[in-house]
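Contents: one structure, followed by commentary.
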Amino acid sequence: MAPVFRICSADPQVRAHLLGSDGIVRLFEAEAEQGTAYPYAVWQQITGQPHNYLADRPNMDGVFIQVDVYAKSAGQVSEVASALRGAIEPHAYITRLGGTSRDPETGSYRYSFDVDWRVER
């Protein structure tokens, strides 16, 4: 697994946006619980593959991750996404930048991006 939470939760900019009053960084694997305070982010592994070699076992996996940021305003969702990208980019490649969308039911804003992360075994 890619160290998404470890890397992002240690970043001061990410913590400035996602650290809750309860001391929990609102960055979750797969999904957040209903009622989670905004802003928050979720990440999930979409796919992955080992780096195969003819003469040896793989020592690294390529992991493809999707990150989704949720907030109550377009500006806030952009700020949080920028902080997360800044934390991730020294360690992995951002491969897709999605657009901002708005959920008609909750009114929350969402921004999505994809990451290609090389994870040593």
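The values are calculated or read from the model by the stated rules, or taken from the named source; none is laboratory data. Only a predicted model underlies this, so the values are computations on that prediction, with no experimental measurement involved. Glycine gets a Cβ as well: all are built from the backbone with ideal geometry, and neighbour counts include every protein chain shown.
Among the aliphatic types (A, V, I, L, M), surrounded by 18 or more Cβ atoms within 10 Å (Cβ to Cβ) and either over 16 Å from the mean Cα position of the chain (by Cα) or part of a strand (DSSP E or B) (or both) - does that describe any residue in the range 22-38? For the range 22-38, residues among the aliphatic types (A, V, I, L, M), surrounded by 18 or more Cβ atoms within 10 Å (Cβ to Cβ) and either over 16 Å from the mean Cα position of the chain (by Cα) or part of a strand (DSSP E or B) (or both): present. Checked against (1) within 22 Å of Val119 (Cα to Cα); (2) outside any loop (DSSP other than H, G, I, E, B), Arg57 meets all criteria but (2).
If you go through the range 83-101 and keep only what is closer than 12 Å to Ala71 by Cα and within 11 Å of the chain's Cα centre (by Cα), you end up with nothing. Could you please give the count of residues in the range 12-26 that are touching a strand residue (DSSP E or B) at 6+ places or on another chain (Cβ under 8 Å) and in contact (Cβ under 8 Å) with a residue 40 or more places away in the chain? Total meeting the criteria: 2. Scanning the range 18-59 for residues that are aromatic (Phe, Trp, Tyr) and at positive phi returns no hits. Considering only the range 67-94, how many residues are within 21 Å of Glu105 (Cβ to Cβ) and not small (Gly, Ala, Ser)? Counting residues in the range 67-94 that are within 21 Å of Glu105 (Cβ to Cβ) and not small (Gly, Ala, Ser) gives 7. Scanning the range 78-97 for residues that are part of a strand (DSSP E or B) and touching a helix residue (DSSP H, G or I) at 6+ places or on another chain (Cβ under 9 Å) yields a total of 2.
This table checks each residue for (1) within 19 Å of Ala2 (Cβ to Cβ); (2) modelled with pLDDT of 95 or more; (3) more than 15 Å from the chain's Cα centre (by Cα).
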| site | (1), (2), (3) |
| --- | --- |
| Ala16 | no, yes, yes |
| Tyr70 | no, yes, no |
| Ala81 | yes, yes, no |
| Asp103 | no, no, yes |
| Phe113 | yes, yes, no |
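Based on what the data block shows, is Arg26 under 24 Å from Glu89 (Cα atoms) and touching a Gly at 6+ places or on another chain (Cβ under 7 Å)?
yes
The set of residues in the range 42-95 that are β-branched (Val, Ile, Thr), without any contact (Cβ under 8 Å) to a residue 24 or more places away in the chain and either surrounded by 14 or more Cβ atoms within 10 Å (Cβ to Cβ) or within 16 Å of Phe28 (Cβ to Cβ) (or both) contains only Ile94.
For the range 77-115, a residue qualifies if it is among the hydroxyl-bearing types (Ser, Thr, Tyr), under 30 Å from Met60 (Cα atoms) and touching a strand residue (DSSP E or B) at 6+ places or on another chain (Cβ under 9 Å), and the qualifying residues are Tyr93, Thr95, Tyr111, Ser112.
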